[in-house]
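Chemist: Got a structure for you, questions after.
The values are calculated or read from the model by the stated rules, or taken from the named source; none is laboratory data. As the structure is a computational prediction, the values presented were derived from the model and not from experiment. Cβ coordinates were reconstructed from backbone atoms using ideal geometry, including for glycine residues, and neighbour counts include every protein chain displayed.
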Amino acid sequence: MLNKTGVPTAEDVLTVTPSEERLKKGPVAIIECFQEIPCNPCTEACKQGAIQPMEDINNLPQLDYDQCNGCGVCLSRCPGLAIFIVDASYSETEAIVRIPFEYVPVPRVGESVVGLNRAGEELGTFVVNKVQSGGQKNKTYTIWLVVPKALAMDVRSIRLGGLRHAN
Amino acid sequence: MQTKETIVCRCEDITLDEIKSLISQGYRTIDEIKRVIRAGMGPCQGRTCRMLIAQELAKVCGIPVGEVLMPTFRAPVKPVKLGTFAGGE
Amino acid sequence: MPKVKEIEVLIIGGGPAGLSAAAAAAELGASVLVFERDDKTGGQLVKQTHKFFGSKKQYAGDRGYQIGNLLIDQCMSNPKVEVWTDTTALGIYEDGVVTAEGQGKHLKIKPERIIVATGASEKMIAFPNNDLPGIYGAGAVQTLMNVHGIVPGQRVLMIGAGNIGLIVSYQMMQAGVEVVAIIEAAPTIGGYLVHASKIRRAGVPILTSHTITEAYGQDSVEGAIICQLDEKWQPIPGSEQDLKVDVICLAVGLSPLTELCFQADCEMKFVPELSGHVPLRNKYLETTRPGLYVAGDVSGVEEASSAMVEGRLAGVCAAFSLGYGNDVAPKLQADALAELSELRAGPAGQKTVNGIKKLMDKGGAAC
């Protein structure tokens, strides 16, 4: 149960997973926001008209997958860091998962990092292929990871670096 | 660490056992306990211990914590040096 | 004879509610004085590094300290607002005089309206060895890290999975401190689940229905014993775990800081949903003592976004009652009330809505 562990269940994730067909077409936002809280910056971030305006600010975001072009603006604006971009069209076997990142050190392009699932469990080592800064004011980085296609809906974090974590 | 103490009032260093013992002796309000043992009379003026003592009283009296009589709140609501009053404008 | 300073609106507390109140009252033309206990205004906002929720009207998407700076600028740029830092209110008397200690002096103010925006203080819990060095309130950890740039230790046990426990855990992780676990006595996580998920996927376990049974250590914290609780909140024998940590951080809730309201003889009521004793007030936030308003956590613990809106509402109401802004004030009041209902409309705001209902309920036991 999400509200006991903080880990969204498979059923939770299913509710925000686009069709296989849509995933194949290219980058798309996965909005892992499962609790009604008063929050709407994602609706204002979306310039594609894909995230519908909310009638009540407590509503869950509604994403029109076909309108979404995976630009990632919502990812960097979401105060809950709950939005990811998955691009299953990256190659035959691999997908790109973009994750929001607010720790130091920020991984570098080409670096290998340990990918984690929603429960913080290790899924393997993956290469960072792009790092986007959120800018002076926003500050949230977007890390692009190359992962096997089968893990595109599972990799959601990376193991934190930094000297203090060395055992 | 000699004994395991559970501190209730950090300012005056008063333990849960001391509070419980006072309650078992018949003290039934936060004000009474304050006068006997100084709980709530330190720098924070009861911000830490007040509700912890209220909880103990509620348990013993079998009432909701909201029904425990609150102490009297007087000015100044925080400790002030006498010199400040004396030289005050 | 000591001089008594006269002012139209006195605001006690320069946090999100107080600063919003000051800007709103001054905007309508009232002369405002703000007391701030600390050496600078902004309250807890200045320590918040995460992005805020809400909507654009409450600066959603901006980080807490950025919002703090914005509110501070708003007040500083208004010549009608005077701010006294290092100043703590001491009492509110029958004749309307408010006393304060400011920079070592005893001060007297005669305001026409008072807005109490004192915020809240952290709750403590009782467990053996709870006074060992290394046991901190979450607010203290935030001050240590985000004001002074010092981490509290290497390995932390966080107690409490409300928003503060989750946010401070995240801040420690960002600072390179290892959070060993977050434990929560309630069966479910109290804070926003997006905060919880963000921490969980970085590998930090969140253990609900768990509590601390004791801390141990020679001269400072060396570890903590935690255990699981059953449905009746009783420890389950044999479920004890020994966690080696050098910091135990308490985020077990806040209590409204209402000493001044009690002392000023406002009618008070204990409302668990609002986190403690709070003053009775009408929907315009005026207490049973005419001319004394409350805003923010002191009127019931909530999020900073609603504190800012409450501050704005109280500021408008105080100025309006003095004859300012007759043309615009009713609309500003209506806007603020609408924003508050909007923020509290969802399941997350239900507790506050119920609490306010209980508080305003006539005939309830008041103390």
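Chemist: Any idea which of C:Ile248, C:Ile236 is crowded, with 23+ Cβ neighbours inside 10 Å and among the aliphatic types (A, V, I, L, M)?
Modeler: Among C:Ile248, C:Ile236, only C:Ile248 is crowded, with 23+ Cβ neighbours inside 10 Å and among the aliphatic types (A, V, I, L, M).
Chemist: Given the conditions (1) within 14 Å of C:Val245 (Cβ to Cβ); (2) away from chain A (no Cβ under 13 Å), which single one is not true for C:Arg155?
Modeler: Evaluating C:Arg155 over (1) within 14 Å of C:Val245 (Cβ to Cβ); (2) away from chain A (no Cβ under 13 Å) leaves (2) as the failure.
Chemist: Identify the single condition in (1) in a loop (DSSP other than H, G, I, E, B); (2) surrounded by fewer than 21 Cβ atoms within 10 Å (Cβ to Cβ); (3) within 12 Å of another protein chain (Cβ to nearest Cβ); (4) in contact with a strand residue (DSSP E or B) (Cβ under 8 Å, 6 or more places away or on another chain) that C:Gly91 does not satisfy, given that it satisfies every other one.
Modeler: Result: C:Gly91 fails condition (1) only.
Chemist: Of everything in the range B:30-89, what is touching a residue at least 24 places away in the same chain (Cβ under 8 Å), within 12 Å of chain C (Cβ to nearest Cβ) and among the acidic types (Asp, Glu)? Give them in sequence order.
Modeler: Correct list: B:Glu56 only.
Chemist: Mind listing whichever residues of the range C:1-56 are more than 11 Å from C:Gly315 (Cα to Cα), part of a helix (DSSP H, G or I) and touching a residue at least 24 places away in the same chain (Cβ under 8 Å)?
Modeler: Correct list: C:Pro16, C:Gly43, C:Gln44, C:Leu45, C:Val46, C:Lys47.
Chemist: Residues being over 14 Å from C:Ile67 (Cα atoms), hydroxyl-bearing (Ser, Thr, Tyr) and in a helix (DSSP H, G or I): count how many of those fall in the range C:303-326.
Modeler: Matching residues across the range C:303-326 total 1.
Chemist: Look at A:Pro148 and say whether it is touching a residue at least 40 places away in the same chain (Cβ under 8 Å) and in contact with a strand residue (DSSP E or B) (Cβ under 9 Å, 6 or more places away or on another chain).
Modeler: On the way: touching a residue at least 40 places away in the same chain (Cβ under 8 Å): yes; in contact with a strand residue (DSSP E or B) (Cβ under 9 Å, 6 or more places away or on another chain): yes.
Yes, satisfied.
Chemist: Of the residues that make up the range A:20-32, is at least one closer than 28 Å to C:Glu302 by Cβ and either surrounded by 19 or more Cβ atoms within 10 Å (Cβ to Cβ) or at pLDDT below 95 (or both)?
Modeler: So far as the range A:20-32 goes, yes, one or more of its residues are closer than 28 Å to C:Glu302 by Cβ and either surrounded by 19 or more Cβ atoms within 10 Å (Cβ to Cβ) or at pLDDT below 95 (or both).
Chemist: Examine the range A:78-100 for a residue that is of a type in the set (Lys, Arg), out of contact with any Phe, Trp or Tyr (no Cβ under 6 Å at 6 or more places or on another chain) and either at pLDDT 95 or above or more than 12 Å from A:Trp144 (Cβ to Cβ) (or both), and state whether such a residue exists. Steps first, please.
Modeler: Start the filter on the range A:78-100 by keeping residues that are of a type in the set (Lys, Arg), which leaves A:98.
Restricting the remaining residues to those that are out of contact with any Phe, Trp or Tyr (no Cβ under 6 Å at 6 or more places or on another chain) gives none.
Checking the range A:78-100: not a single residue is of a type in the set (Lys, Arg), out of contact with any Phe, Trp or Tyr (no Cβ under 6 Å at 6 or more places or on another chain) and either at pLDDT 95 or above or more than 12 Å from A:Trp144 (Cβ to Cβ) (or both).
Chemist: Within the group C:Glu231, C:Glu259, which residue is more than 9 Å from chain A (Cβ to nearest Cβ), acidic (Asp, Glu), crowded, with 24+ Cβ neighbours inside 10 Å and out of contact with any strand residue (DSSP E or B) (no Cβ under 8 Å at 6 or more places or on another chain)?
Modeler: C:Glu259
Chemist: Let me ask something additional. Answer yes or no as to whether A:Arg118 is within 13 Å of chain C (Cβ to nearest Cβ), part of a loop (DSSP other than H, G, I, E, B) and not polar (S, T, N, Q). Working first, answer last.
Modeler: Numbers: within 13 Å of chain C (Cβ to nearest Cβ): yes; part of a loop (DSSP other than H, G, I, E, B): yes; not polar (S, T, N, Q): yes.
When the stated conditions are applied, A:Arg118 passes them.
Chemist: I'd like the full set of residues that are free of Cβ contacts under 8 Å to residues at least 24 places away in the same chain and part of a loop (DSSP other than H, G, I, E, B), limited to the range C:60-80.
Modeler: Scanning the range C:60-80 gives C:Gly61, C:Asp62, C:Ser77, C:Pro79.
Chemist: Pick out, from the range A:1-100, the helices (runs of 4 or more DSSP H) lying fully within it that include 1 or more residues that are away from chain C (no Cβ under 14 Å).
Modeler: Counting at least 1 such residues, we get A:10-14, A:20-25.
Chemist: Kindly indicate whether any position in the range C:277-296 is in contact with a helix residue (DSSP H, G or I) (Cβ under 6 Å, 6 or more places away or on another chain), assigned to a helix (DSSP H, G or I), assigned by TED's automatic domain parsing to the domain that holds C:Leu70 and surrounded by fewer than 24 Cβ atoms within 10 Å (Cβ to Cβ).
Modeler: Within the range C:277-296, none of the residues are in contact with a helix residue (DSSP H, G or I) (Cβ under 6 Å, 6 or more places away or on another chain), assigned to a helix (DSSP H, G or I), assigned by TED's automatic domain parsing to the domain that holds C:Leu70 and surrounded by fewer than 24 Cβ atoms within 10 Å (Cβ to Cβ).
For every residue, the table says whether it meets (1) under 15 Å from the mean Cα position of the chain (by Cα); (2) within 30 Å of C:Val179 (Cα to Cα).
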{"position": "A:Asp56", "(1), (2)": "no, no"}
{"position": "A:Asn59", "(1), (2)": "no, no"}
{"position": "A:Cys68", "(1), (2)": "yes, no"}
{"position": "A:Arg77", "(1), (2)": "yes, yes"}
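Every residue, every condition in (1) modelled with pLDDT under 95; (2) of a type in the set (Val, Ile, Thr); (3) within 16 Å of C:Gln263 (Cβ to Cβ), yes or no:
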residue: C:Val278; (1), (2), (3): no, yes, yes
residue: C:Tyr284; (1), (2), (3): no, no, no
residue: C:Thr288; (1), (2), (3): no, yes, yes
residue: C:Gly296; (1), (2), (3): no, no, no
residue: C:Val301; (1), (2), (3): no, yes, no
residue: C:Ala307; (1), (2), (3): no, no, no
residue: C:Ser321; (1), (2), (3): no, no, no
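Chemist: Continuing with this model, one more query. Looking only at the range C:205-228, count how many residues are within 7 Å of another protein chain (Cβ to nearest Cβ) and touching a Ser or Thr at 6+ places or on another chain (Cβ under 7 Å).
Modeler: The number of residues fulfilling the criteria is 2.
Chemist: Restricting to the range A:151-167, count the residues that are in a loop (DSSP other than H, G, I, E, B), at pLDDT 95 or above and more than 10 Å from chain C (Cβ to nearest Cβ).
Modeler: Matching residues across the range A:151-167 total 3.
Chemist: I've got another one for you. Just give me the residues in the range A:21-49 being within 16 Å of the chain's Cα centre (by Cα) and on the phi > 0 side of the Ramachandran plot, in sequence order.
Modeler: A:Gly26
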